[in-house]
Amino acid sequence: MEELRDPRKTFGEALVAAAEKNSKIVALSADSSSGSGMTPFKEKFPERHFEFGIMEQGIMGFASGLATTGKIPFFAAIAPFVTARPFEMFRNDVGYMRQNVKVVGRSAGLTYSDLGATHQSLDDIAIVRTIPGVTVINPGDPVDIVKAVHAAAEHVGPVYIKIGSPKMPVLMDESDPFQIGKGVVMEEGSDIAIIATGTLLSKAVVATKVLQKKGIRPRLINMHTIKPLDKELVLKAANETGKIVTIEEGYLAGGLGSCIAELLVTERPVPMKMIGVDDQYADAGPYEELLAHLGLQGEQIADTVEHFLSSN
């Protein structure tokens, strides 16, 4: 039976562990520390925890100011409210000023499913990756989340980390390497390369197993870092498999698929299929049902990949 862990609780525990090692780490939130899993941090380090009201634009500036004093702020709240709402402050106060701020968008993608389009962050990667110098990490499982928090804490410069809300299966091993800007090959294969990120990595794993049972050998890659992109790994996959499929819980425009397409079109054009959310506001409803409605369950992804293979 697969192990499931709460991503927000996992993030909160990892932040405490990082803060135990580095006294410069402080935690900020917008009236949502408990929802972001930061209650243990607040209890252990009350003097390093700052709870604001719903004023994300101001918090982004406050975090930037703290960074100028040598602190390492982790600002965590609901994903669209730390990306779309304070985008100008993210771009100018954090990005332009190159401040050492870590922004964590939780309940990201479609995972705040019941609250509808206002609380779903399908555009966060697309908009944040336009900010020069910002590292973008989209962990694929709880092990990735822990390693992403520690890597972000050690990295000097602005970072955006995207995490979901429902419990996630553990897919990676504690011994698996995690390096910012380096993807991980989870399954070797030569027929096609499946490059997945974030919350849909588990669905990509299911799809890979379905395809393997049909005699298709996909190469499965966990691309936990969107920016900087692991160009070497992508080009190697393109050269050795000749076909690429990307899978993400976000808009096709500007996300992981767009990043990879931008690389391939200039360096190694190959047939490519992007799986994600098209140009639409997603409905509200139970998370797994919403994924199925959008064709993002594992079996549906396998069907899409198989059709793509047969037509190319």
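The values are calculated or read from the model by the stated rules, or taken from the named source; none is laboratory data. The structure presented is a predicted model; accordingly, all values stated were derived computationally and were not measured. We place every Cβ from the backbone using ideal geometry, glycine too, and count neighbours over all the protein chains shown. The area values use the complete protein model at the heavy-atom level, side chains included, leaving out ligands, DNA and RNA. Shrake-Rupley method; radii C 1.70, N 1.55, O 1.52, S 1.80 Å.
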Candidates Ser64, Ser23, Ser113, ranked by Gaussian network fluctuation over the chain, Cα under 10 Å, top entry: Ser23
FRET efficiency for Ala284 and Asp6, using Cβ-Cβ distance with R0 set to 30 Å, rounded to 0.05: 0.85
5 angstrom amide H check on Ile25, placed H, neighbours 5+ away: Ile72
Calculated from backbone phi, Karplus (6.51, -1.76, 1.60) coupling profile of the range 230-237 in Hz, x at Gly/Pro: 7, 4, 4, 5, 5, 5, 5, 5
Approximate spin-label separation Arg268-Ile216, in nm, with each point projected 7 Å along Cα-to-Cβ: 2.0
Choice from Val184, Val103, Val149 with maximal GNM fluctuation in the chain (Cα, 10 Å cutoff): Val184
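Restricting to DSSP loop positions (anything but H, G, I, E, B) with no more than 11 other Cβ atoms inside 10 Å of their own Cβ, which chymotrypsin sites (Phe, Trp or Tyr not before Pro) remain in the range 207-312? The partial results should precede the final answer.
Numbers: sites: Tyr251, Tyr281, Tyr287, Phe308; in loops: Tyr281.
Passing sites in the range 207-312 are Tyr281.
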Hz values of 3J(HN,Hα) by residue in the range 270-280 - Karplus curve (6.51, -1.76, 1.60), Gly and Pro given as x: 9, x, 9, 10, 9, 10, x, 9, 7, 6, 7
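Per DSSP H run of at least 4 residues, take -39500 (n - 2.57); add these up for the chain, divide by its residues and hand me the 222 nm value, nearest 500 deg cm²/dmol.
Details: 11 runs with 113 residues, N = 312.
It comes out at -10500 deg cm²/dmol, rounded to the nearest 500.
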Ordering of 135-142, 236-243 by burial proxy (mean other Cβ atoms within 10 Å per residue, highest first): 135-142, 236-243
On Cα atoms only, tilt of 56-68 relative to the major axis of the chain in degrees: 70
Pairwise FRET efficiency - Ser34 versus Asp303, Cβ, R0 = 51 Å, nearest 0.05: 0.80
Whole-angstrom gap from the range 293-308 to the range 54-126, using each part's C-alpha centre: 32
Cα-projected label distance for Lys167 with Lys21, points at 7 Å along beta-carbon direction, nm: 2.8
For the range 150-166, Karplus couplings with θ = phi - 60° (6.51, -1.76, 1.60), whole Hz, Gly/Pro x: 5, 5, 5, 4, 7, 6, 9, x, x, 9, 10, 10, 10, 10, x, 10, x
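The chain: Rg/Rh from Cα coordinates, Kirkwood Rh?
0.96
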Most mobile listed residue (Asp176, Asp114, Asp283) in the chain, GNM with C-alpha springs under 10 Å: Asp176
Inter-site label distance for Ser310 and Ala253 at 7 Å from Cα along Cβ, in nm: 3.2
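Return one whole number: the accessible area per residue of the chain in Å², for a 1.4 Å probe.
About 41 Å² of surface per residue is accessible.
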Under-5 Å amide H pairs with Ala77, H placed in peptide plane, nonlocal only: Val104, Arg106
Euclidean distance of C-alpha centroids, the range 135-159 and the range 12-45, integer Å: 15
For the range 63-213, size of Cβ-based charge dipole, Lys and Arg +1, Asp and Glu -1, in debye: 340
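To the nearest 20 debye, what charge dipole does the chain have about its Cα centre, counting +1 at the Cβ of each Lys and Arg and -1 at the Cβ of each Asp and Glu?
Values: 31 positive and 39 negative charges, 156 e Å.
Dipole about the Cα centre, nearest 20: 760 debye.
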